[in-house]
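**Student:** Starting off with a structure, shown below.
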Amino acid sequence: MIPLNDATMQLLLLALLVLPLLGSAAVLLPRSPTWLGLGITGAVLAAALLLAAGFDHDHPGTVQAESDVSWIPALGVRLHLGVDGISLPLLVLTALLTFLCALHTHVRPPGGPRPAAFTSLLLLLQAGTLATFAVLDLLLFFLAFEMVLIPMYFLIARWGGEGRGPAAWRFVLYTVLGSVVMLLGLLLIGVQGGTFDMVALAEAQGEGLGHTTQLLAVLAIGIGLAVKTPMWPLHSWLPDAHTAAPTAGSVLLAGVLLKMGTYGLVRIALPMAPEGMETFAPYLGAFAVTGIVYGSLACLALVRTGAGGDLKRLIAYSSVGHMGFVLLGIATLTHTGVNGALFANIAHGLITGLLFFLVGALKERTGSTDLDTLAGAGGAALYGRTPRFGGLFAFAAVASLGLPGLAGFWGELLAMLGAFHPADGLSRPAFLTYLAVAGFGTLLTAAYLLLVVRRVCMGDRPAAGWAPEGPEADVPAGAETDAAGAAAGGGGGGAAGGVLSGLLPDLRPVEYAAFGPLVALTLLAGLWPAVLLDLTDPVVQSLLPGAVR
Amino acid sequence: MNLVQTVEWAVIAPPVIAAFTAVAVLLADLFLPAARKALLGPLAAAGLALAALSLLPLRDGDRSTFCLPDDPALCAYSADRFAVILQLLVLGGAFLTVLLSIPEANGKRVPAGEFWFLLLSSAAGAALLPAARDLATLIIALEVTTLPAYALVGLRRGSGAGPEAALKFFLSSVTATAVALLGIGFVYAASGSLFFDGIAEGLDEADPRLSTLAEAGVALTLIAFAFKMAAVPFHFWVPETYLGAPLPVAGYLSVVGKTAGLAGLILVTTEAFPGHGDLWGPLVAVLAGLTMTAGNVAALRTDPRAPNSAIRLLAWSSIGQAGYLLVPIAAAAYTEEGAGATVAYALMYGAVNLGAFAVAAHVARQRPAHRVDDYRGLWARQPAAALAMGFFLLCLAGLPPGVIGLFAKVAVFETAVDAGLGVLAVVMAVNVAIALYYYLRWTAVLFQPAPHGAAEPDAPRRLPAAPLTAAIGLAAGVGIVLSGAPQLILTFASGTLL
């Protein structure tokens, strides 16, 4: 769109990685202004958008903004960076979500020690995630993959809610155990393939790697990435981590960190060890659809009245289901399926990011994310209490269940379409079964999300008693202190008897600013899926040259 | 037969300078008035720095001396790249130890002159060891390294644990030496030479009827060096010795003592017994797996609230790290790569482990119980010390921002994968994850808020003593530079050093 020369593009990509790193140190300096973190994430977002604008959209299949410098010749590690059609959307998504989180943090500093340290960790996390999507060297990928651990651990362990300590430990231990196993797989590919360069290895399509090597490599790499994704049955760190994490942590965990797993599968396992992938694809598919049904059933159990379900935990389980669709799409080994997977990846980042923001905002208003506390037997009646907020919540839930016209739809449809006719060599009956199970999963997904909407947004009109006390003019003025008080007061705040009372503050300007872009992009991707598919499809074609569909 | 060997003094300068400084310090101690004894520490540090500087002319790694007059290829002392790099590590480690010890030695609990003399003597032996190219020199160097160490462990006045730990250390170590001498005797009998090159040739051409003798000799020699390295099952002396010893001495043993054992092991395996790789390869691999597992599991079980838990944890974790260090040696039996990754890892480990000991020494000045829990709230009290400690621990764990720790582990993993030691690689992967748990737990403690009501006991002593600051800064500087440019040490991992 905007013609930029190569050097500028390289600099932009480099800035994406270096700015957050420098920023994370800068915000810790004494007397650094509080808006500094926000400014840096804003600059990173601007760089990412500029990068997207300068990206040659006619050739998304080629690596652009490429820089390739030797770093550790002893290990064959090169600072090889570049973007193509599948990493560009993820880079923009990461930059956007981090910016929105920084905005949210700036306006509502998390309760806990030192907001500057929080921002610093946020920036460190951003550097790691952006690097994961931008590097083209296996060992650098591993380095970036590990880089997010420490900041995320501290974000959960220091600023999290109830049960944060064990949740943070679980997150770190699962991921580390997975990633050291993944390192073995990466080394196996690198040592046997003779290079750690991801572009060269992808072009080789597993040539030079024996069948056993490919099997072992896919198994090892797959386990590491499946923990991160997370794939059932390796998901059990996720609900706790999400429930305990602060809002910004949850958003980034769901919106960006989970994507690192599926991105790795598409970028590394799929092209570099095709034979191994072909062997394991049916198992991956089976685990994927199990995850879909398992996630939905867990959500259905949580949404029941009296189950004590937590909204954050529910959305976390719904992530297990949604990532199941992504994995199913990858398992089909078809262009359709993998494109669907990549689409669902982005869509899940947008929608689940939005949902976690909304739940965070709800917690600020009511002091609780517990469904029973919020809704009681009747319903929380957000439509009545805070109409625009309630409407937005319903919008996000409906987008999450995959309503046509919104972003959630296309990815899941394409993944299932891929399963209808999987790649040659894969058992079609097996995948048809997966398709049926996944289809059943979409029904369950719709069921629990509609139940959530029913319990949170609808409900009896609040009793007439409050109306005279709470005139319209009074509420916005007192909103700030109310919300702060409720947030500080924790679950005990405004939830006497299981039913809330009174009006809740509606959306604030900063919330419009934070949620607006996500809503707009959800609509855009839903109505005009080509904007993403045109980017990813050429890359998928080159990653899977053998597939016909 | 010409028995006179030529000696190039410049080549043997590093150990000789260290040894001369040791004697000089001991003499100076006799003549200096008590008020001036504080000068001894800087003198020792300067000697070690000078010894390290004398490595500069040798950096090409092509010099050797003490060669046989009628066979100039057989030399007892070779300053090749392997030797020079390990001498740098040993002398650098000893230098950091001196910095760490200055506050302790200036106190009244340790006789300063004797302490510096013993430390420098041991460092001289450790500097001699990697350059040794025959078994006699090797054993002498090893004993020069360890004999003063026993005394160092038990030197502290009024400490009940010190002498007992020293006795335990001494008895078990002497047993190992005896075993080594027996093994060397067997090897000499089978091969007819004490020079590594001669042994390698001699064992290949040995009478087949002597093969059992040769193999027994190889195995016994290995066991002795495994002992010095604190490999499992010869590791039991480590935790008690570390606990009984003054903290800097524990740090010294964990880095310099370990490097000495390691260098000896690399030399005898890859230089003297290259033909017996099928024997020592699996042996070292099993030792590596057992060592890292036992060390890490014991570290994991250390209760952070118990007294001395910080030292105990560092001691056990150093056994775990010794296991990683053994992996490339085991892999060297199967490939032509050599054990360069071990050297690279040892360099990383030496810097950051001494750094961790330096912070521990600093914290112990205010809270002498050596508990991991004493580090709670360090970030609030002393952000720089907390950041440094966090960095060292993450380097040891191998997680960013400790990039060098990560890549050193990657290099070790790579040798295992390359050599086809898949099982060992998986065992190591599990161990890395276990180790991460306790390192990260400690890191997390640093940043936790201090418990309520536990005010700083004496605010005026908040700044660490200047030598400790220098040691922490030096170690952190090395770690940070290496994290930015890992090639500086990983270059040793790629080529063959010997």
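The values are calculated or read from the model by the stated rules, or taken from the named source; none is laboratory data. Please read all numbers here as calculations on a predicted model, not as lab measurements. We place every Cβ from the backbone using ideal geometry, glycine too, and count neighbours over all the protein chains shown.
**Student:** Look at residue A:165 and say whether it is buried (at least 24 other Cβ atoms within 10 Å of the Cβ), facing chain B (nearest Cβ under 9 Å), part of a helix (DSSP H, G or I) and not hydrophobic (A, V, I, L, M, F, W, C).
**Tutor:** no
**Student:** Looking only at region A:529-549, how many residues end up being touching a residue at least 12 places away in the same chain (Cβ under 8 Å) and either in a helix (DSSP H, G or I) or within 21 Å of the chain's Cα centre (by Cα) (or both)?
**Tutor:** 13
**Student:** Considering each of A:225, A:184 in turn, give the residue that is part of a helix (DSSP H, G or I) and either more than 10 Å from every other protein chain (Cβ to nearest Cβ) or without any contact (Cβ under 8 Å) to a residue 24 or more places away in the chain (or both).
**Tutor:** Only one candidate qualifies: A:225.
**Student:** How many of the residues in region A:10-46 are touching a Leu at 6+ places or on another chain (Cβ under 9 Å) and of a type in the set (Val, Ile, Thr)?
**Tutor:** The number of residues fulfilling the criteria is 4.
**Student:** Still on this structure: Looking at residue A:114, is it of a type in the set (D, E, K, R), surrounded by fewer than 18 Cβ atoms within 10 Å (Cβ to Cβ) and out of contact with any helix residue (DSSP H, G or I) (no Cβ under 6 Å at 6 or more places or on another chain)?
**Tutor:** Here the answer is yes, as residue A:114 does meet what is asked.
**Student:** Of the residues B:333, B:397, B:364, B:346, which is within 26 Å of residue B:126 (Cβ to Cβ) and crowded, with 24+ Cβ neighbours inside 10 Å?
**Tutor:** Sole residue among the options that is within 26 Å of residue B:126 (Cβ to Cβ) and crowded, with 24+ Cβ neighbours inside 10 Å: B:346.
**Student:** Here's another thing I want to ask about it. Just to be sure before I move on: is residue B:166 crowded, with 21+ Cβ neighbours inside 10 Å, modelled with pLDDT under 90, assigned to a helix (DSSP H, G or I) and small (Gly, Ala, Ser) in the structure I sent?
**Tutor:** yes
**Student:** Also: Do the conditions hold for residue B:351, that is, is it farther than 18 Å from residue B:422 by Cα, surrounded by fewer than 24 Cβ atoms within 10 Å (Cβ to Cβ) and either away from chain A (no Cβ under 14 Å) or in contact with a helix residue (DSSP H, G or I) (Cβ under 7 Å, 6 or more places away or on another chain) (or both)?
**Tutor:** No.
**Student:** Something else about it: Does residue A:61 count as part of a loop (DSSP other than H, G, I, E, B), more than 21 Å from the chain's Cα centre (by Cα) and not basic (Lys, Arg)?
**Tutor:** Criteria met by residue A:61.
**Student:** A further question follows. Filter region A:173-190 down to the residues that are in contact with a helix residue (DSSP H, G or I) (Cβ under 6 Å, 6 or more places away or on another chain) and either on the phi > 0 side of the Ramachandran plot or surrounded by fewer than 21 Cβ atoms within 10 Å (Cβ to Cβ) (or both) and list them by number.
**Tutor:** A:174
**Student:** Next question. Among what's in region A:64-109 and is under 21 Å from the mean Cα position of the chain (by Cα) and in a loop (DSSP other than H, G, I, E, B), pick the residue that is farthest from the other protein chains (Cβ to nearest Cβ).
**Tutor:** The qualifying residue farthest from the other protein chains (Cβ to nearest Cβ) is A:85.
**Student:** While we're on this one: Tell me the helices (runs of 4 or more DSSP H) entirely within region B:319-425 that contain at least 3 residues that are among the polar types (S, T, N, Q).
**Tutor:** Because the criterion is at least 3 residues that are among the polar types (S, T, N, Q), the helices (runs of 4 or more DSSP H) in region B:319-425 that meet it are B:340-366.
**Student:** If you don't mind, another one. Among the residues of region B:391-402, how many are within 8 Å of chain A (Cβ to nearest Cβ) and modelled with pLDDT under 90?
**Tutor:** Looking only at that region, the number is 3.
**Student:** Further question on the same structure: If I go through region B:374-383 residue by residue, how many of them are hydrophobic (A, V, I, L, M, F, W, C) and under 10 Å from residue B:359 (Cβ atoms)?
**Tutor:** Count: 1.
**Student:** For region B:409-424, give me each residue that is hydrophobic (A, V, I, L, M, F, W, C), closer than 20 Å to residue A:74 by Cα and either surrounded by fewer than 24 Cβ atoms within 10 Å (Cβ to Cβ) or facing another protein chain (nearest Cβ under 10 Å) (or both).
**Tutor:** Matches in region B:409-424: B:410, B:411, B:413, B:416, B:417, B:419.
**Student:** Residues A:430, A:446: which one is surrounded by fewer than 20 Cβ atoms within 10 Å (Cβ to Cβ), without any contact (Cβ under 8 Å) to a residue 60 or more places away in the chain and within 23 Å of residue A:296 (Cβ to Cβ)?
**Tutor:** Being surrounded by fewer than 20 Cβ atoms within 10 Å (Cβ to Cβ), without any contact (Cβ under 8 Å) to a residue 60 or more places away in the chain and within 23 Å of residue A:296 (Cβ to Cβ) holds for just one of A:430, A:446, which is A:446.
**Student:** Within the set of pairs 6 or more residues apart or between chains, which connect a residue that is over 18 Å from residue B:270 (Cβ atoms) inside region B:178-199 to a residue that is among the polar types (S, T, N, Q) and surrounded by 17 or more Cβ atoms within 10 Å (Cβ to Cβ) with Cβ atoms less than 9 Å apart?
**Tutor:** Listed pairs, sorted by first residue: B:179/B:221; B:182/B:221; B:186/B:221.
**Student:** Only one of (1) in contact with a Gly (Cβ under 8 Å, 6 or more places away or on another chain); (2) within 12 Å of chain B (Cβ to nearest Cβ) fails for residue A:204. Which number is that?
**Tutor:** (2) is the only condition that residue A:204 fails.
**Student:** Checking residue A:170 against (1) buried (at least 24 other Cβ atoms within 10 Å of the Cβ); (2) basic (Lys, Arg); (3) within 14 Å of chain B (Cβ to nearest Cβ), only one condition comes out false. Which one?
**Tutor:** (1) is the only condition that residue A:170 fails.
**Student:** If you don't mind, another one. Which residue out of B:83, B:79 is part of a strand (DSSP E or B), closer than 30 Å to residue B:470 by Cα and of a type outside the set (Phe, Trp, Tyr)?
**Tutor:** B:79
Yes/no matrix, rows are residues, columns are (1) at pLDDT below 90; (2) more than 27 Å from residue B:107 (Cα to Cα):
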position: B:219; (1), (2): yes, yes
position: B:222; (1), (2): yes, yes
position: B:240; (1), (2): yes, no
position: B:245; (1), (2): yes, no
position: B:252; (1), (2): no, no
position: B:264; (1), (2): no, yes
position: B:274; (1), (2): yes, yes
position: B:284; (1), (2): no, yes
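**Student:** Taking region B:425-452 as the search range and keeping residues that are of a type in the set (Gly, Ala, Ser) and facing chain A (nearest Cβ under 8 Å), which one is surrounded by the most Cβ atoms within 10 Å (Cβ to Cβ)?
**Tutor:** B:425
**Student:** Next question. Just for region A:140-152: of the residues that are more than 7 Å from chain B (Cβ to nearest Cβ) and not small (Gly, Ala, Ser), which one is nearest to residue A:267 (Cα to Cα)?
**Tutor:** Ranking the qualifying residues of region A:140-152, first place goes to A:141.
**Student:** Further question on the same structure: For region A:43-65, check the following and say yes or no: at least one residue is surrounded by fewer than 13 Cβ atoms within 10 Å (Cβ to Cβ) and polar (S, T, N, Q).
**Tutor:** No, region A:43-65 has no match at all.
**Student:** Can you pull out every residue in region B:257-313 that is within 28 Å of residue B:87 (Cβ to Cβ) and outside any helix (DSSP H, G or I)?
**Tutor:** Scanning region B:257-313 gives a single hit, B:273.
**Student:** Looking only at region A:22-42, count how many residues are assigned to a helix (DSSP H, G or I) and among the charged types (D, E, K, R).
**Tutor:** Final tally of qualifying residues: 0.
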